[in-house]
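I have placed the structure first, in the form of structure tokens, so that the comments after it can refer back to it.
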Amino acid sequence: MNTLRVKIAILLVLAIVSVMALMTFVLFLLLGPPPRSGRALDVAAQQVALVAALAAKAPRSVELLDEPRGHPYRRTTKALRKKLEEQGHNIDVIVARTHRWRRGSLNVWIRLEDRGWFGMPMTRLPPQGVPWWALLRWLFLSTVGATAVAVFASIRMVRPLVFIENAVASVGPDGVMPELSEKGPAEVRATARALNSLSARLKRAMESRMRLVAAAGHDMRTPITRMRLRAEFVPDEEEREKWLNDLDELERIADSAILLVREEMGAEAPERLRLDTLVESICKDLKEQGFDVTLAGTQAVTVFVSRLKLNRALRNLIINATTHGVRARVGVTDDGTIGRVTIEDDGPGIPEAVLGQVFEPFFRADPARRQNIPGAGLGLTIAYEIVTRAGGAIQIVNRPAGGLLQTVSLPEAPEPEAPDTDSA
């Protein structure tokens with residue numbers, strides 16, 4: 001956004017300055033430069049000649065210096081000397097100003113034979129030749145003014161875009177954008193109305209999709225139950241076992257889909273809880289169930305999340321590490337602002353080409369979908385939804401030594417404000 005604003009401002013500045021420079025050049029060509037000489041220069045030459053003659057007759061009446069003082073004006077000096085020659089005077093003069101870069105008094109220094117220089121004040125003379133410095137100052141001031149106008153105009157022009165950027169940044173982890181105030185200029189009001197309408201339609205579409213998935217998962221249970229009853233009467237024991245395994249997988253998929261919908265649409269109240277204590281409890285429980293889980297080490301971290309949801313997410317991640325990665329090593333660290341749960345395993349890892357798809361529903365790194373490992377492929381998806389909605393993040397990378405490293409990052413809960421016990 002800032003880049004666009006700067007580009008618009010630069011474009012406006014170039015356009016304004018270019019037009020003003022072109023107009024100045026055209027006017028300069030049409031009107032021509034200021035006259036190089038004129039009545040003022042004639043009068044100045046006569047005054048210089050008169051003063052020089054008087055000083056020659058009474059040299060003690062003037063203060064003589066070895067060198068002229070000030071900053072010489074070469075073109076004006078040359079023009080004045082030429083004018084003196086035209087009037088028949090052979091006088092060595094130098095026109096100088098007391099200050100070079102700011103307005104100062106103008107003096108004409110006259111050389112009195114070989115005795116030295118004396119100065120006399122002179123009224124301002126017209127510029128000789130093209131006044132480049134005046135033109136440059138004019139263009140500089142024009143550029144400064146054009147820049148101020150361009151910056152103001154660019155800010156006004158990109159205001160709707162800034163409004164859209166802020167609206168997009170306000171979208172929460174659940175994908176819902178808060179309703180925007182429809183106030184301000186017409187463009188901003190129109191943008192706010194469009195975004196509010198888009199947010200409402202998107203919310204309805206998401207809710208409809210969730211209801212559809214939940215209804216499909218729920219309706220699948222009835223035919224699955226009927227099929228299970230029929231499978232029990234299959235005479236071939238091996239064939240019956242295959243049917244029951246397939247039905248078990250279908251039931252897990254239906255249950256996981258319903259659970260995913262509940263996680264996306266649920267609104268359980270968050271609470272302050274010790275992340276390290278929760279992880280220790282999960283690891284102890286899974287170890288008692290026969291999972292190869294090792295608690296590597298923990299640090300005290302307090303987060304603000306739903307206990308039930310976070311418990312489900314961490315269990316999914318740890319079980320995923322033990323089932324697909326042989327064993328899991330779990331740790332909790334704290335850097336002062338972010339609490340992290342790290343889960344390492346010794347499995348084969350995931351190919352880098354599909355590593356970015358691990359949180360997609362029904363994802364399996366093994367295309368053959370090994371049936372000896374139970375699961376519907378929604379565990380990581382559910383964990384991702386829970387953690388991101390709590391304001392955290394999950395990162396899964398391949399370890400250099402083999403296996404996966406799963407990192408769950410959650411912002412630490414701020415310390416509760418102490419009650420004010422001061423008495424009035």
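The values are calculated or read from the model by the stated rules, or taken from the named source; none is laboratory data. Remember, it's a predicted structure, so these values are computed and weren't measured experimentally. Cβ coordinates were reconstructed from backbone atoms using ideal geometry, including for glycine residues, and neighbour counts include every protein chain displayed. Just the protein is used for accessible areas: all its heavy atoms, side chains included, with ligands, DNA and RNA removed. Shrake-Rupley method; radii C 1.70, N 1.55, O 1.52, S 1.80 Å.
Among the residues of segment 187-199, those identified as at pLDDT 75 or above and open to solvent by 40 Å² or more (accessible area, probe 1.4 Å) are ARG189, ALA190, ARG193, ALA194, SER197, LEU198. The condition of being under 22 Å from VAL397 (Cβ atoms), without any contact (Cβ under 8 Å) to a residue 60 or more places away in the chain, assigned to a loop (DSSP other than H, G, I, E, B) and among the small types (Gly, Ala, Ser) does not hold for GLY331.
Of the residues making up segment 392-411, not a single one is farther than 22 Å from CYS283 by Cα, touching a helix residue (DSSP H, G or I) at 6+ places or on another chain (Cβ under 6 Å), modelled with pLDDT of 70 or more and crowded, with 17+ Cβ neighbours inside 10 Å. Of all the numbered requirements in (1) at pLDDT 80 or above; (2) closer than 26 Å to LEU275 by Cα; (3) not aromatic (Phe, Trp, Tyr), GLY379 misses one, and that requirement is (1). Only a single item in (1) exposed (fewer than 13 other Cβ atoms within 10 Å of the Cβ); (2) modelled with pLDDT of 75 or more; (3) part of a loop (DSSP other than H, G, I, E, B) is not met by PRO178, and it is number (2).
Looking only at segment 334-364, residues that are open to solvent by less than 50 Å² (accessible area, probe 1.4 Å) and assigned to a strand (DSSP E or B) come to 6 in all. Could you tell me how many of the residues in segment 245-257 are surrounded by 17 or more Cβ atoms within 10 Å (Cβ to Cβ) and either modelled with pLDDT under 75 or among the aromatic types (Phe, Trp, Tyr) (or both)? Of the residues in that region, 4 qualify. Restricting attention to segment 281-306 and to residues that are assigned to a helix (DSSP H, G or I) and open to solvent by less than 30 Å² (accessible area, probe 1.4 Å), the residue that is nearest to GLU344 (Cα to Cα) turns out to be CYS283.
Comparison of LEU278, LEU202, LEU260, LEU273 shows that the only residue that is at pLDDT 70 or above, part of a helix (DSSP H, G or I), surrounded by 14 or more Cβ atoms within 10 Å (Cβ to Cβ) and touching a helix residue (DSSP H, G or I) at 6+ places or on another chain (Cβ under 9 Å) is LEU278. Every test in (1) open to solvent by less than 70 Å² (accessible area, probe 1.4 Å); (2) of a type in the set (D, E, K, R); (3) modelled with pLDDT of 85 or more is passed by GLU86 save one, and that test is (1).
When each of GLY129, GLY172 is tested for being modelled with pLDDT under 75 and in contact with a Lys or Arg (Cβ under 7 Å, 6 or more places away or on another chain), the lone residue that passes is GLY129.
When ALA134 is tested against (1) open to solvent by less than 90 Å² (accessible area, probe 1.4 Å); (2) at pLDDT below 70; (3) not in a helix (DSSP H, G or I), just one condition goes unmet, and that condition is (3). Residues that are assigned to a helix (DSSP H, G or I) and either open to solvent by less than 60 Å² (accessible area, probe 1.4 Å) or in contact with a Lys or Arg (Cβ under 6 Å, 6 or more places away or on another chain) (or both) within segment 137-158 comprise LEU139, SER142, THR143, GLY145, ALA146, THR147, ALA150, ALA153, SER154, listed in sequence order.
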